[in-house]
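The values are calculated or read from the model by the stated rules, or taken from the named source; none is laboratory data. None of these values were measured; they are calculated from a predicted model. All Cβ positions, glycine included, derive from the backbone under ideal geometry; neighbour counts span all protein chains shown. Ligands, DNA and RNA are stripped out before the accessible areas are found, and what is left, the full protein with its side chains, is counted by its heavy atoms. Shrake-Rupley method; radii C 1.70, N 1.55, O 1.52, S 1.80 Å.
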There are 2 protein chains.
Amino acid sequence: PPAAPVLQPKTGEPVAPVEAPKVADQAMVELGKKLFFDPRLSKSGFISCNSCHNLSMGGSDNLKSSIGHKWKQGPINSPTVLNSSMNLAQFWDGRAKDLKEQAGGPIANPGEMGFTHDLAVTVLQSIPAYVDEFKKVFQADTIDIDKVTTAIAAFEETLVTPNARFDKWLRGDDAAITKEELAGYELFKSSGCTACHNGVALGGNSFQKMGAVEPYKTKNPASGRSAVTKDDADRFKFKVPTLRNVELTYPYFHDAGAATLSKAVEVMGQIQLGKTFTVEENANIVAFLKSLTGDQPKFELPQLPPSSDTTPLPQPFGK
Amino acid sequence: PPAAPVLQPKTGEPVAPVEAPKVADQAMVELGKKLFFDPRLSKSGFISCNSCHNLSMGGSDNLKSSIGHKWKQGPINSPTVLNSSMNLAQFWDGRAKDLKEQAGGPIANPGEMGFTHDLAVTVLQSIPAYVDEFKKVFQADTIDIDKVTTAIAAFEETLVTPNARFDKWLRGDDAAITKEELAGYELFKSSGCTACHNGVALGGNSFQKMGAVEPYKTKNPASGRSAVTKDDADRFKFKVPTLRNVELTYPYFHDAGAATLSKAVEVMGQIQLGKTFTVEENANIVAFLKSLTGDQPKFELPQLPPSSDTTPLPQPFGK
Ligand SMILES: [Ca+2]
Ligand SMILES: [Ca+2]
Ligand SMILES: [Ca+2]
Ligand SMILES: [Mg+2]
């Protein structure tokens, strides 16, 4: 049989392929996966991390703003958890330094899971199979919030999405993307998009002004990075979102101001670069962006250990 | 090597083992699975069948009453979808004759998914990968609610749970259950529980008075089977729930009046049979009931096809 053709990886590109995750501690990941899917970490017993970062739908909820405890409307669009381990910091304004620090937030946020860390830990501690699993993973008899967030973060580190068609092209498979997608990528580079959307994640590695060239109009009150740095120069800077799997993470921008990718590309061209794309150019860039959809997390639906007779009851209604 | 011992199946028992499901049309099942997990069948884009029949938690939500559209409190405890194909009819009062008839209900129920059949179909019809998949499965170009409920029901037919330890015992593996569990089963039979909880599902095959011997006190206004038959003799008759996986489907009874299995067994003894069990007897029956937990549905988390630019937007807030 003829030898398999040797692929010539592209060199000098501003984008690099996603590597499959290396899992250091599979038992820890399995525990974190259960916790990610467990609505008992919320006051109502109804909302889990997966409610707003649905791993059947690209790791987000595809809503303009999330639905939290008691149907409270969230303040900002829910970003994907896919490839979020690559971010320089977590949240649109980067206020959490890493996934572990982030994971404590939503449990105790009144508008998200509406619970407290103490109560969440009390619930877990009342579930014999969780106690056993934490013991196996952490060699410790008691559960605490630090262990909970460590396990969730370990699971999230596995949520990377290799093998996008664009990555196959980067690795030298010229047939992996179409002519239109390639034209879109060339335009993406030549227009200057890669100034901000670069690296493995095509984003996630800097905070940038939303409206670098022309102001962005929104009714959303989020002030961006300045909320963290208290530096007025950082007003309206947001973490540049990854463009990996962006086909799946509509609607777009922190305020969900763009319902479609086409609209997001149009707005980016205008307000970040002062460029107006033709219909064909816009379509090519959109086509390129859709070639960035990678393998989605692939695992069996987790089975959660049942509560015990002493597990505090969920409180979905009333105060 | 010694020949494997020949197992002697138990004969003459009022309970029979669960058979693994036979799948006639795998493509149909895969489509139904996606629909079961798809929150776009709800007005908010947030609530799917799996929200209230969580297959990570025994096919129910483990709440006293469900949380529906806009956090509306449901009227009755959510029964498990596991083994529900074995039921003589669906719902506590049996008002749907089968799974297909049932599946149309929640989508259009204002307190559940809050949508309409027409809008749900319009959403699906706007998603190219769904159109292709319905075409492949039904050899038809257009989606309608009949096809949607047919596919969901086909998926639900696969949600049976074989290989409970008790079933292994029924099949002749004497070591599969403990002495206490066996004692519990003997008492379950001799006390008369099997008058109502019998067959493969230990329930699901008749409507029976809640409070056969002594009245059941509840504030829940559900009138039971009489709501369907308009026959006063059927007042407060409910479909006998399956006891398969009952370890996972707390809280118990249509009004969730019993938080624990121990309490449910105590109440059943008293009001259905006029019996008061000792602490040990109660514990043995509970142990027996926990031996009825079978293999939970085992499949990869489904990946949902993305919406298109023409997909109507979810309406979680406002009117
Ligand atoms: Ca990192
Ligand atoms: Ca988004
Ligand atoms: Ca129940
Ligand atoms: Mg890290």
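One residue stands out among those in region B:265-290 that are over 25 Å from the mean Cα position of the chain (by Cα) and closer than 11 Å to B:A183 by Cα: the one that is least open to solvent (accessible area, probe 1.4 Å), which is B:E281.
Is one or more of the residues making up region A:290-307 in a helix (DSSP H, G or I) and closer than 27 Å to A:Q90 by Cβ? Can you show your working first?
Of all residues in region A:290-307, those in a helix (DSSP H, G or I) come to A:290.
Adding the requirement that they be closer than 27 Å to A:Q90 by Cβ leaves A:290.
Looking for residues that are in a helix (DSSP H, G or I) and closer than 27 Å to A:Q90 by Cβ, one finds at least one in region A:290-307, hence yes.
Looking across region A:78-95, the residues that are more than 14 Å from chain B (Cβ to nearest Cβ) and either within 12 Å of ligand 1 (Cβ to nearest atom) or under 12 Å from the mean Cα position of the chain (by Cα) (or both) come down to A:P79, A:N83, A:S84, A:S85, A:M86, A:N87, A:L88, A:A89, A:Q90, A:F91, A:W92. In summary, A:T242 fulfils each of the numbered conditions (1) within 16 Å of ligand 2 (Cβ to nearest atom); (2) in contact with a strand residue (DSSP E or B) (Cβ under 7 Å, 6 or more places away or on another chain) with the single exception of condition (2).
Kindly indicate which of A:P297, A:P241 is within 11 Å of another protein chain (Cβ to nearest Cβ) and either at negative phi or buried (at least 18 other Cβ atoms within 10 Å of the Cβ) (or both). So that I can check it myself, show each step before the final result.
Values: A:P241 fails: within 11 Å of another protein chain (Cβ to nearest Cβ).
After ruling out the rest, the residue left standing is A:P297.
Taking the residues in region B:13-45 that are of a type in the set (A, V, I, L, M, F, W, C) and within 18 Å of the chain's Cα centre (by Cα) as candidates, determine which candidate is most open to solvent (accessible area, probe 1.4 Å).
Our first condition is that a residue be of a type in the set (A, V, I, L, M, F, W, C); within region B:13-45, this holds for B:15-16, B:18, B:20, B:23-24, B:27-29, B:31, B:35-37, B:41.
Subset that is within 18 Å of the chain's Cα centre (by Cα): B:18, B:20, B:29, B:35-37.
Working: B:V18: 1, B:A20: 64, B:V29: 11, B:L35: 0, B:F36: 1, B:F37: 16 Å².
If we take residues in region B:13-45 being of a type in the set (A, V, I, L, M, F, W, C) and within 18 Å of the chain's Cα centre (by Cα), then B:A20 is most open to solvent (accessible area, probe 1.4 Å).
List pairs: first residue in region B:113-132 and free of Cβ contacts under 8 Å to residues at least 60 places away in the same chain, second residue of a type in the set (A, V, I, L, M) and open to solvent by less than 30 Å² (accessible area, probe 1.4 Å) anywhere in the structure, Cβ distance under 6 angstrom, at least six positions apart or on different chains. These pairs meet every condition: B:V121/B:I143; B:Q125/B:I143. In the condition set (1) under 23 Å from the mean Cα position of the chain (by Cα); (2) crowded, with 20+ Cβ neighbours inside 10 Å, A:G184 is compliant with all but (1). The set of residues from region B:63-72 being open to solvent by 20 Å² or more (accessible area, probe 1.4 Å) and touching a Phe, Trp or Tyr at 6+ places or on another chain (Cβ under 7 Å) comprises B:K70, B:W71. Of the residues making up region A:17-34, at least one is over 21 Å from A:V121 (Cβ atoms), in a loop (DSSP other than H, G, I, E, B) and small (G, A, S).
Residue check: is A:D141 closer than 29 Å to A:G104 by Cβ and surrounded by fewer than 21 Cβ atoms within 10 Å (Cβ to Cβ)? It is true that A:D141 is closer than 29 Å to A:G104 by Cβ and surrounded by fewer than 21 Cβ atoms within 10 Å (Cβ to Cβ).
For (1) touching a helix residue (DSSP H, G or I) at 6+ places or on another chain (Cβ under 8 Å); (2) open to solvent by 20 Å² or more (accessible area, probe 1.4 Å); (3) touching a residue at least 40 places away in the same chain (Cβ under 8 Å), each residue gets a yes or a no:
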position: A:I47; (1), (2), (3): yes, no, yes
position: A:M57; (1), (2), (3): yes, no, yes
position: A:N83; (1), (2), (3): no, no, yes
position: A:F91; (1), (2), (3): yes, yes, yes
position: A:A96; (1), (2), (3): yes, no, no
position: A:G104; (1), (2), (3): yes, no, yes
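Among the conditions (1) more than 9 Å from every other protein chain (Cβ to nearest Cβ); (2) surrounded by fewer than 22 Cβ atoms within 10 Å (Cβ to Cβ); (3) under 16 Å from the mean Cα position of the chain (by Cα); (4) of a type outside the set (A, V, I, L, M, F, W, C), the only one that A:P75 does not satisfy is (3).
Go through A:A195, A:A175 for me and flag whichever is among the small types (G, A, S), under 25 Å from the mean Cα position of the chain (by Cα) and open to solvent by 50 Å² or more (accessible area, probe 1.4 Å). Spell out the reasoning first.
Details: A:A175 fails: under 25 Å from the mean Cα position of the chain (by Cα).
After applying the criteria, what remains is A:A195.
Taking the criterion of being touching a Phe, Trp or Tyr at 6+ places or on another chain (Cβ under 7 Å) and hydrophobic (A, V, I, L, M, F, W, C), the residues of region A:169-221 that qualify are A:A176, A:I177, A:F188, A:F207, A:M210.
Of the residues making up region B:253-264, one or more are away from ligand 4 (no atom under 16 Å from the Cβ), touching a strand residue (DSSP E or B) at 6+ places or on another chain (Cβ under 8 Å), open to solvent by 60 Å² or more (accessible area, probe 1.4 Å) and in a helix (DSSP H, G or I).
Applying the selection to region B:244-290, what residues are of a type in the set (D, E) and within 14 Å of another protein chain (Cβ to nearest Cβ)? Once the filter is applied, which keeps residues that are of a type in the set (D, E) and within 14 Å of another protein chain (Cβ to nearest Cβ), region B:244-290 yields B:E247, B:E266. Take the conditions hydroxyl-bearing (S, T, Y), crowded, with 23+ Cβ neighbours inside 10 Å, modelled with pLDDT of 95 or more and away from ligand 2 (no atom under 16 Å from the Cβ) and apply them to B:T122. Does it pass? Judged against the criteria, B:T122 is not a match.
Give me the helices (runs of 4 or more DSSP H) completely within region A:69-177, filtered to those with at least 3 residues that are within 16 Å of ligand 4 (Cβ to nearest atom), ordered by residue number.
Helices (runs of 4 or more DSSP H) meeting the threshold: A:99-108, A:145-157.
Pull up region A:157-172, narrow it to residues that are within 16 Å of ligand 1 (Cβ to nearest atom) and open to solvent by 10 Å² or more (accessible area, probe 1.4 Å), then point me to the one that is farthest from the other protein chains (Cβ to nearest Cβ). Restricting to residues being within 16 Å of ligand 1 (Cβ to nearest atom) and open to solvent by 10 Å² or more (accessible area, probe 1.4 Å), the top hit is A:E157.
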